Amino acid sequence: MEVILSQLFNGLSLSSILLLVALGLSITFGIMGVINFAHGEFLMIGAYTAYVMQRLSSGSQAGTYFILSLPVAFAVAFLLGLVVEKFLIRFLYGRPYESILATWGLSLILQQGARSIFGANNVEVTAPHWLQGGIQLLSGFQLPYSRIFILSLAVLAIIGMYCYVNYSSSGRRMRAVMQNRDMSACMGIKTRKVDAVTFAIGSGIAGVAGCAVSLLGSIGPSTGQNYIVDAFMVVVLGGIGSLAGTIAGALMIGLTNPLFEYVTTSSMGKVIVFTLVIIFLQWKPSGLFSLKTRALD
């Protein structure tokens, strides 16, 4: 029972990380149709932001600086996302093959930049004292405070994104562009501005995910690449541009991956998950929740 509960809780924490990464990827892909292979590097930037904030802290301020690293990581990734969209992404709309190559090249540049600044070796982000330890439920099972914090962070991100999309004017413009870009432009919505803000928000959420990842282990220049493939699987499985689909896809991938890895091996578990996703997409290519658009087929 302790092993089952431990695997289940680890799967939930992995689902939270994948949800934070895939949330920005889903809205970016759903609105602009750009396949961004550099999305994982925004996660890496958020993780290094937490590391820098830790280096700036001292003594009892460590816990405060980690909390401050969340908005700082969002702001850094947000601003970098604006720059990338202005000078690279906006020239790749409607060109999927070029976007794959360009963003893959950008990911290599960002990884090499991280190696030049922080070194090739991984670094550690020490969790603040109030995230150390856990809740002892059974003799061999404990709920770590760090993973509970990650779950709470994912829930807050979902609530924040839902409120933004449904109750803010900029969020409603985002939904309009996602449903019908041409009609939105005719109604006076500046679609290019919506694209830039959407890409920046998606990048910022990935930066917050990087802070969460830094609590689980060491971070390095290739940290983002460890999650980008699973994040794409979550987006495709749940349905492009769907918040509910992203949540469902993250739960499915996050819970089944540790289970198969525990029963078999790490590599074989990923093979089984990939195979099941491929089989499912043969039956339902649009994913669990397909986006409804106001357009004629």
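Coordinate-derived values only; no laboratory data. The shown structure was predicted, so the numbers you read here are calculated from the model rather than taken from an experiment. Note: ideal-geometry Cβ built from the backbone for every residue, glycine included; neighbour counts use all protein chains shown.
Once backbone amide H atoms are built at 1.01 Å from N, ILE240 has LEU291 as its partners under 5 Å, excluding neighbours fewer than 5 places away on the same chain. Each Lys and Arg adds +1 at its Cβ and each Asp and Glu adds -1 at its Cβ; summed about the Cα centre, the chain shows a dipole of about 860 debye. Secondary-structure-derived ellipticity at 222 nm for the chain, considering helices only, amounts to -24500 deg cm²/dmol, per-run term -39500 (n - 2.57) for DSSP H runs with n ≥ 4. Calculated on the Cα set of the stretch 58-182, radius of gyration then Dmax: 19.9, 60 Å. Packing-based ranking of 120-126, 5-11 yields 5-11, 120-126, ordered from highest to lowest mean Cβ neighbour count within 10 Å. Ignoring aspartates and glutamates fewer than eight residues from LYS86 along the same chain, the ones with Cα atoms less than 20 angstrom from its Cα are GLU41, GLU98, ASP195. Note that the stretch 111-203 shows a convex hull volume over its alpha carbon atoms of 180 Å³ per residue.
Mind grabbing the base-10 log of I(q)/I(0) for the stretch 2-283 at q = 0.11, 0.12, 0.13, 0.16 Å⁻¹? Debye formula, identical points on the C-alpha positions, no solvent, two decimal places. Normalising to I(0) and taking log10 leaves -0.64, -0.76, -0.89, -1.32. Couplings 3J(HN,Hα) for the stretch 182-189, derived from phi with the Karplus relation 6.51 cos²θ - 1.76 cosθ + 1.60 (θ = phi - 60°), are 5, 5, 5, 5, 5, 7, x, 7 Hz, where x marks Gly and Pro. Compared with the alpha-carbon gap, the fully stretched path from TRP283 to LEU255 is longer by 7.9 nm at 0.36 nm per residue.
The ranking of LEU138, LEU12, LEU82, LEU237 by Cβ neighbour count inside 10 Å, starting from the fewest, reads LEU138, LEU82, LEU12, LEU237.
Using a simple spin-label model with pseudo-atoms 7 Å out from Cα toward Cβ, TRP104 and LEU156 lie 3.7 nm apart.
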